[in-house]
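Asker: Got a structure here, written out as C-alpha cells. Questions coming.
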Amino acid sequence: MRFHLTRFAVATRFTLIEHGRNRFAMILVGLFVPVWTTLAYLAMPDTPARMRLHATGEVLAPHGNELTEISGALNAVTLITGFMMFAATFSGSGFDRRLAMAGYPRAHLVLAKVTALALVSAAVAAYATAITCLAWTPRQPLLLAAALFCAGLTYGALGVGFGSLLRREVEGMFAIVMTSIIDLALQNPISSSGADSPVMRYLPSYGAMQASTAAGFSTSPVPGYLAIQLTWFAAASLIALVGFRRSTRSSLPLAAPTPLPGPGSDKVGLPAPRQAATPSPAASDTEAH
C-alpha cells in the first residue's frame, strides 16, 4: 500500500509542477476569466429574454447580459482547463513515455493526471463563480460552481486526449478553441435561434449549460443534468486513456527470438568447433620419404 501511495504522490507532484511552470495559463486564469465574463455582462443589453429551461420545464425571462455572462464563464472555464491539460500532456508526453518504459506504473500516472485535473477545475470554477457573484447574485451559487467544475473536467479530459493523439501543438489548440466556441455558442439563446433544438442535447457541455442556467435563474435542483455532464466526462476520459496508452507505448522494434536448441543438444547458439583436416595417405608417404 505504501508503495502505491508513494508512486502516486511522486507522479502527482511532478504533474502539478508541470502546471505551475505554465505561466501563460496562470495569466489566463488571472486575467481572461474576469475580463471575458465582465465584458459579456457589460456589453450585452439587459433586456429580458424568454426561454424554456429544459432542465426544469420552467419558462424563464432572465436578463440577456446575465445569461451571456453564464455562457462566458462556461467558455472561460472550458478553454482554460482544456488548454492547461493539453499543454501539460503535449509537453510531458516524452517524459511519461520514458517513465512507462522504465517500469513506472501507468495507473499511477493516470491517477495523477486525474487528480491534477480535478484540482485545476475546482480552482478555476470557484474563481469564475466568485467573479460572477461580484456582478449579480445567482439563485444557487453552489450549483453554478458545480456545473462549471463538471464542464472543466470534461474539457480537461478532452485536452489530455488531444495532447496524446495530435502531433502538433497548433492542432490541439485549434481543436479545443473551436469545440468550446461551437458547443456554447449554439446553446446560448441570445446568440442562437436554435438553442431549443433537440440536437443541443448531444453537445459536450449540454448538462453543464442547463445546470448553470438553472443555478442562475431557478431554485430547482437539477442533479440529473450534472450526471449528464459527468457522463460526458467519463466518455472524454476513455478517449484520453486510449490516447495516453498509445503515446506511452514503446516504439522500439521487438528483438528476434532466439532459436530453441534441438533435441539432444546441450549447447545453445554456440558454433561447432572446427576440426583439423586428416592427412591423406599420399601426404604421409611423402613425409616418410
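The values are calculated or read from the model by the stated rules, or taken from the named source; none is laboratory data. From a predicted model like this one, the values you see are computed outputs, not experimental measurements. Glycine gets a Cβ as well: all are built from the backbone with ideal geometry, and neighbour counts include every protein chain shown. Note: accessible area is taken over every heavy atom of the protein model, side chains too, but ligands, DNA and RNA are not part of it. Shrake-Rupley method; radii C 1.70, N 1.55, O 1.52, S 1.80 Å.
Asker: Are any residues in the range 195-242 among the hydroxyl-bearing types (Ser, Thr, Tyr) and within 16 Å of Gly156 (Cβ to Cβ), and if so, which ones? Outline the logic, then answer.
Answerer: Start the filter on the range 195-242 by keeping residues that are among the hydroxyl-bearing types (Ser, Thr, Tyr), which leaves 197, 202, 205-206, 212-213, 218-220, 225, 231, 237.
Of everything in the range 195-242, those that are among the hydroxyl-bearing types (Ser, Thr, Tyr) and within 16 Å of Gly156 (Cβ to Cβ) turn out to be Ser205, Thr231, Ser237.
Asker: Is it the case that Gly159 is out of contact with any Cys (no Cβ under 9 Å at 6 or more places or on another chain), surrounded by 14 or more Cβ atoms within 10 Å (Cβ to Cβ), assigned to a helix (DSSP H, G or I) and at pLDDT 90 or above?
Answerer: Numbers: out of contact with any Cys (no Cβ under 9 Å at 6 or more places or on another chain): yes; surrounded by 14 or more Cβ atoms within 10 Å (Cβ to Cβ): yes; assigned to a helix (DSSP H, G or I): yes; at pLDDT 90 or above: yes.
Yes.
Asker: I'd like to check which helices (runs of 4 or more DSSP H) are fully inside the range 170-289 and have at least 3 residues that are within 22 Å of Thr78 (Cβ to Cβ) and modelled with pLDDT of 50 or more.
Answerer: Values: elements: 206-217, 223-247, 281-288.
By residue number, 206-217, 223-247.
Asker: Among the residues of the range 183-199, how many are over 17 Å from Leu67 (Cα atoms) and of a type outside the set (S, T, N, Q)?
Answerer: Taking the range 183-199 and keeping what is over 17 Å from Leu67 (Cα atoms), we get 197-199.
Now narrow it down to the ones that are of a type outside the set (S, T, N, Q): 198-199.
Count: 2.
Asker: Out of curiosity, is Thr68 among the polar types (S, T, N, Q), surrounded by fewer than 19 Cβ atoms within 10 Å (Cβ to Cβ) and modelled with pLDDT of 85 or more? Can you show your working first?
Answerer: Working: among the polar types (S, T, N, Q): yes; surrounded by fewer than 19 Cβ atoms within 10 Å (Cβ to Cβ): no; modelled with pLDDT of 85 or more: yes.
In short, no.
Asker: When you look at Phe3, is it out of contact with any Pro (no Cβ under 6 Å at 6 or more places or on another chain), modelled with pLDDT under 85, within 30 Å of Glu171 (Cα to Cα) and hydrophobic (A, V, I, L, M, F, W, C), yes or no? Please lay out each step first, then the result.
Answerer: Values: out of contact with any Pro (no Cβ under 6 Å at 6 or more places or on another chain): yes; modelled with pLDDT under 85: yes; within 30 Å of Glu171 (Cα to Cα): no; hydrophobic (A, V, I, L, M, F, W, C): yes.
Taking the combined requirement at face value, the residue does not satisfy it.
Asker: Would you mind finding the one in Ala49, Ala73 that is closer than 17 Å to Leu186 by Cα, aliphatic (A, V, I, L, M) and at pLDDT below 85? Let's see the steps before the verdict.
Answerer: Values: Ala73 fails: at pLDDT below 85.
Exactly one residue qualifies, and that residue is Ala49.
Asker: For the range 195-220, enumerate the residues that are without any contact (Cβ under 8 Å) to a residue 60 or more places away in the chain, hydrophobic (A, V, I, L, M, F, W, C) and surrounded by 14 or more Cβ atoms within 10 Å (Cβ to Cβ).
Answerer: Met200, Leu203
Asker: Could I ask something else about it? Among Ser192, Ser180, which is the only one that is open to solvent by 10 Å² or more (accessible area, probe 1.4 Å), touching a Leu at 6+ places or on another chain (Cβ under 6 Å), hydroxyl-bearing (Ser, Thr, Tyr) and over 22 Å from Arg246 (Cβ atoms)? Lay out the reasoning, then the answer.
Answerer: On the way: Ser180 fails: open to solvent by 10 Å² or more (accessible area, probe 1.4 Å).
Result: Ser192 is the single residue among Ser192, Ser180 that is open to solvent by 10 Å² or more (accessible area, probe 1.4 Å), touching a Leu at 6+ places or on another chain (Cβ under 6 Å), hydroxyl-bearing (Ser, Thr, Tyr) and over 22 Å from Arg246 (Cβ atoms).
Asker: Mind checking which residues of the range 167-178 are out of contact with any Phe, Trp or Tyr (no Cβ under 8 Å at 6 or more places or on another chain) and either touching a residue at least 24 places away in the same chain (Cβ under 8 Å) or of a type in the set (Gly, Ala, Ser) (or both)?
Answerer: Filtering the range 167-178 for residues out of contact with any Phe, Trp or Tyr (no Cβ under 8 Å at 6 or more places or on another chain) gives 167-168, 170, 174, 177-178.
Result: Val177, single match.
Asker: For Ala112, state whether it is touching a residue at least 24 places away in the same chain (Cβ under 8 Å), within 19 Å of Gly30 (Cβ to Cβ), in a helix (DSSP H, G or I) and under 13 Å from the mean Cα position of the chain (by Cα). Show your work before the answer.
Answerer: Values: touching a residue at least 24 places away in the same chain (Cβ under 8 Å): yes; within 19 Å of Gly30 (Cβ to Cβ): no; in a helix (DSSP H, G or I): yes; under 13 Å from the mean Cα position of the chain (by Cα): yes.
No; evaluated as a whole, the condition is false for this residue.
Asker: Right, here's the next one. Looking only at residues in the range 74-91 that are more than 13 Å from the chain's Cα centre (by Cα) and of a type outside the set (A, V, I, L, M), which one is most open to solvent (accessible area, probe 1.4 Å)? Walk me through how you get there before you give the answer.
Answerer: Of the residues in the range 74-91, the ones more than 13 Å from the chain's Cα centre (by Cα) are 74-77, 91.
Keeping just the survivors that are of a type outside the set (A, V, I, L, M) gives 75, 91.
Values: Asn75: 20, Ser91: 74 Å².
Of everything passing the filter in the range 74-91, Ser91 is most open to solvent (accessible area, probe 1.4 Å).
Asker: Charged (D, E, K, R), within 25 Å of Glu171 (Cα to Cα), open to solvent by 20 Å² or more (accessible area, probe 1.4 Å) and without any contact (Cβ under 8 Å) to a residue 40 or more places away in the chain: which single residue out of Arg98, Arg50 fits that description? Outline the logic, then answer.
Answerer: Values: Arg50 fails: within 25 Å of Glu171 (Cα to Cα).
Arg98 is the lone residue from the list that is charged (D, E, K, R), within 25 Å of Glu171 (Cα to Cα), open to solvent by 20 Å² or more (accessible area, probe 1.4 Å) and without any contact (Cβ under 8 Å) to a residue 40 or more places away in the chain.
Asker: Ok, one more. Please indicate, with yes or no, whether at least one residue in the range 104-115 is touching a Gly at 6+ places or on another chain (Cβ under 7 Å), open to solvent by 60 Å² or more (accessible area, probe 1.4 Å) and among the charged types (D, E, K, R).
Answerer: First pass over the range 104-115, keeping only residues touching a Gly at 6+ places or on another chain (Cβ under 7 Å): none.
Among the residues of the range 104-115, not one is touching a Gly at 6+ places or on another chain (Cβ under 7 Å), open to solvent by 60 Å² or more (accessible area, probe 1.4 Å) and among the charged types (D, E, K, R), which makes the answer no.
Asker: Specify which of the listed residues (Val59, Val29) is of a type in the set (A, V, I, L, M) and at pLDDT 85 or above.
Answerer: Values: Val29 fails: at pLDDT 85 or above.
When all the criteria are applied, what remains is Val59.
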